[in-house]
Structures are given as structure tokens and as C-alpha cells.
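Working notes, structure below.
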């Protein structure tokens, strides 16, 4: 992996409040960013909000306030949630930032001067909620194929990016760069779309007479920029005024997105960059959706999960752990309260929390000497798992990383029972010291390994273990220290 990592989430559309899908993307990106920092890389982790377009204007009108007032209020809710979810983003971009708007206008002008944009009359079916035109043959029972809602017949003059010219070039690029779109199921989906359909030119404007809330085109002030053409540019514009200076951050290392916006990123964004002559991002990774007991989340069904409700009840560390442990990242996941409770009680409270409590209690009770001379296989197990991390994180296999970490946790619990320190305290104090040292050092490794997923739990483990300056590096077996500073505290994951 490179020495720098530029990681992005999509810009979250602020027409409604954040939900578990937003939290899922954000936590995954944060976990990847934390691991990259832990590995010694320079990291720029960007997130932000998409604030232009018809839906924002409609949401503001419905509330009787200005679009700016609406977006300011909603942005605050997203930022507050990121703080509560322990998100460590380095930058937050808003598409209403003046610097972003100037970059959008500059790139539009560049494409226009290159002949990549032209004006023409267009008649088509328009979906207001998705802010997207559809051809007659794309409609499903006369409705939008994306959201299933009614469409409007619209005829108007607009500006088009000549996206169709890049169809074969994009197919060739995806075929030549198998890691560009992940997971493979999404790559195949995009290739199937490109090979079996004619790629249309992209309408990149909306008349101000119909929509005023947007960035005016630099070459025609009677139009504003299509919201997706505006929003996608954030990944590039942020490198010019938000990213830490002195580093060439572009191209992005990884765009993390939900699968519902795969086409806009893999096709729109890719061809836009080709038209501009800019390098494409190294990876676009589209994760799946969360369903609720098998049903897609929907306001009408009343089954939308508010992340803060779970955080308040179970804690942020358990919430972050469950989302990334329960399913393979990239696939759809099913959420149920029963599954959440099972993970909490089995993995966190029993396996990890109880292990920490038992080991620290025995060290305090038996006062063993620190003796790392016999690790009993834990040193090699920790090293093997640490050696696998770069590949697993590079493929965003978060659940596999946690599976590997829990190999150590479960092995340590078995080791406690087999070695029976309570018996050794009566008969073999030298062996007791070796056993408890091995368990102590193993817990030190686990505290380091869980840091990207559960930074708060990692910090509390370090505090109780007496590791006062843990640092960001991945801890090796034998680096934890001594027994002298142990500060056993409350259960790491208390039973509910």
C-alpha cells in the first residue's frame, strides 16, 4: 500500500436526518482511516454534505425556511452524529463552500472550452426525487426505475456532457484495472450495464426558472449545475482547500459508497475525470444495504433505525463492532435486535470483557513476576494476524479482520481454563508468572488490534492494563510493559 491514504465517504444528502446506512459507511471509512494511521501512513479522511438540488429546495419550502437555513440545521445533525460515533475525519466539505463552488465552475468551464459540453433541446421523463431524466424504455410501469415514483414529462433546453464518447474507454479501463470497482459483484454489474446498453450523454444543467438552488454555470448564468455533477467534484475540490498541504492527495485511494450510488460514481465520475484528463481514483467500493428483519428500511414501514438510539442503549463501541462484524463488507446485512444482543453478550461482554477482568483480577490477587519467557504460541499467533492485516484492510474485509482478532481472544480464554492460574498459585509460582504475563501481553496486542474498530474500548483496555502511552503503532507481543501500572476498572462491556 502507498505511504499516503486519501479516503472518502459520499456526501450525505441533507434533505432528511441521518440513519443507520449513513452511519455504516462512516464507521467503515473511519476504521480504514484509523488502521492506515496506525500503519504509519499520512491520511486524509474526508466526509461532508451534498446541499444543492431540487430535493433540498423542496424540503426547505415545505418547512417555510430558506435552503441555506435548512442545510445549516441538517449539517449540524450530521456533525453531531459523527462526534457521537467517534469518527476521526480530517476534513468536512459542504457543497455550499465558496471554494468548492469555484472549483466546480472552473472544471465546467474547462470541459466547455474543450468541446466536451454542448447545449441541445431535450424531451424526457424526469424523476424529481432522484433529480434524474429517464428514457421511455427505462421506465417500469411508467414510473422511475430507481424509486418507483411518478415521473414528469419535461421538454427544455439543457447542457450535456458528452459522456457517450467514453463508453468503450471506460470498459477498457475497468477491464485493465480489476481492483477499480469492488466488490467483484459490483464491478460485473457496471461492466454488464456498459456492455449491454448505449451510454447516453449526461444532462448537467437545470434551468434557473425551474430550480434556483444550485451552482450557476460559468458559461450560462440562466442555468445551475446538475446536483451530481456538483457533488462528485467534492472529492477533487477538497484537495485544494481542505486537505493538509504539502502532499499530492489526488487520486483518491478509496471512495467508499453505498451500492445505490454505484452508477453515478463508476460511470458519471469516471467519465467526468476522463474528460478533464485527471487520474481516476484507485478504488470505488460499494457496500450493501441493511435490512430490518429481512425488509428494506423505509419511513413508510416505520423501520428506519436511528443510530443514536442504539448507541445510547449499548454504547458506541458495540454499535461499531456489530456493523462491521455481522456481515462481509460489500454484501447486504440484516439487522435484528436479537442478533445485536447476541454479539454484545457473547463476543464483547463474555469473550473480551470477561477475559480482561479475569486476567487483571488474577494479576492483582497473585502478584506474579513479569516473565515473558514462555508465550505458549500467543506471540506467533499475534504476529501472524498482524501480518495479515494489510491485505485484509486493503480489501476492506472488516469482518475477516475481526474474525482473526477473535481467534486470539478465544484462544486466550481457552488458555485460562487449561492453565488454571488459580491452581498454579498454590503449586508453581514460576509457571504462574509465565501464564499471566502471556495473557497480559496478549491483551495488550488485542487492545492495539481493536483500535480501528473500537477506539474507545481500546483506550479503556490500555488504561486498565496500565499502558499509559499506547501510541498509534500496531503493538507487538512483548511491548505492553509491566504489571506495575494496572488499574482494573468497571467491566469493559457491562451486562445489560
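Here the simple spin-label model places points 7 Å from the Cα toward Cβ, and for residue 171 and residue 68 these points are separated by 4.8 nm.
Spin-label pair residue 487-residue 312: with each label point 7 Å from Cα along the Cα-Cβ axis, the two points sit 3.0 nm from one another. The C-alpha atoms of segment 324-383 occupy a region whose extents along the principal axes are 49, 27, 12 Å, arranged from largest to smallest. For segment 339-421, the normalised intensity computed at q = 0.19, 0.24 Å⁻¹ comes to -0.99, -1.24 (log10 of I(q)/I(0), Debye sum over alpha carbons, equal scatterers, no solvent). Label zone (residue 222, point 7 Å along Cα-to-C-beta; backbone nitrogen cut-off 18 Å) within segment 104-139: 118-123.
When you count the other C-beta atoms within 10 angstrom of each residue and take the mean per peptide, 394-401, 443-450, 67-74, 138-145 line up highest first as 443-450, 394-401, 67-74, 138-145. Between segment 1-47 and segment 89-103, how far is it from one alpha carbon centroid to the other, in angstrom? Result: 16 Å between the Cα centres. For residue 417 and residue 88, the difference between the fully extended length at 0.36 nm per residue and the C-alpha to C-alpha distance is 114.6 nm.
Note: relative contact order over segment 315-465, using C-alpha pairs below 8 Å and six or more positions apart, is 36 percent.
When the Cα convex hull of segment 4-287 is projected onto planes of every orientation, the mean area is 14.8 nm². Between 0 and 90 degrees, the angle of helix 98-113 with respect to the longest Cα principal axis of the chain falls at about 50 degrees. Listed by Cβ neighbour count within 10 Å, with the fewest neighbours leading, 198, 325, 206 appear as 198, 325, 206. Compared with the alpha-carbon gap, the fully stretched path from residue 429 to residue 80 is longer by 120.5 nm at 0.36 nm per residue. Each residue in 122, 35 was given a count of other beta-carbon atoms within 10 angstrom of its own, and listing them fewest first yields 122, 35. A Förster radius of 56 Å, combined with the Cβ-Cβ distance separating residue 391 from residue 367, puts the computed FRET efficiency at roughly 0.85. Normalised by the number of residues in the chain, the average gap of Cα pairs under 8 Å and 6 or more apart makes the relative contact order 16 percent. Segment 229-252 to segment 365-437: how many Å between their Cα centroids? That distance is 43 Å. Where only DSSP H runs of four or more residues are counted, the chain gives -14000 deg cm²/dmol as its mean residue ellipticity at 222 nm, each run worth -39500 (n - 2.57). A convex hull fitted around the alpha carbon atoms of the chain yields 153 Å³ per residue. On the beta carbon distance between residue 339 and residue 16, with R0 = 30 Å, the FRET formula returns roughly 0.70. When Rg and Dmax are taken over the Cα atoms of segment 65-156, they come to 18.7, 49 Å.
Once the Kirkwood radius over Cα pairs is known for segment 315-465, the Stokes-Einstein relation at 10 °C and 1.306 mPa s delivers a diffusion coefficient of 98 µm²/s.
Only the coordinates and a few stated rules stand behind these numbers; no lab work does. These figures come from a predicted structure and were not determined experimentally. Using ideal geometry, Cβ is built from the backbone for each residue, glycine included, and neighbour counts are taken over all protein chains shown.
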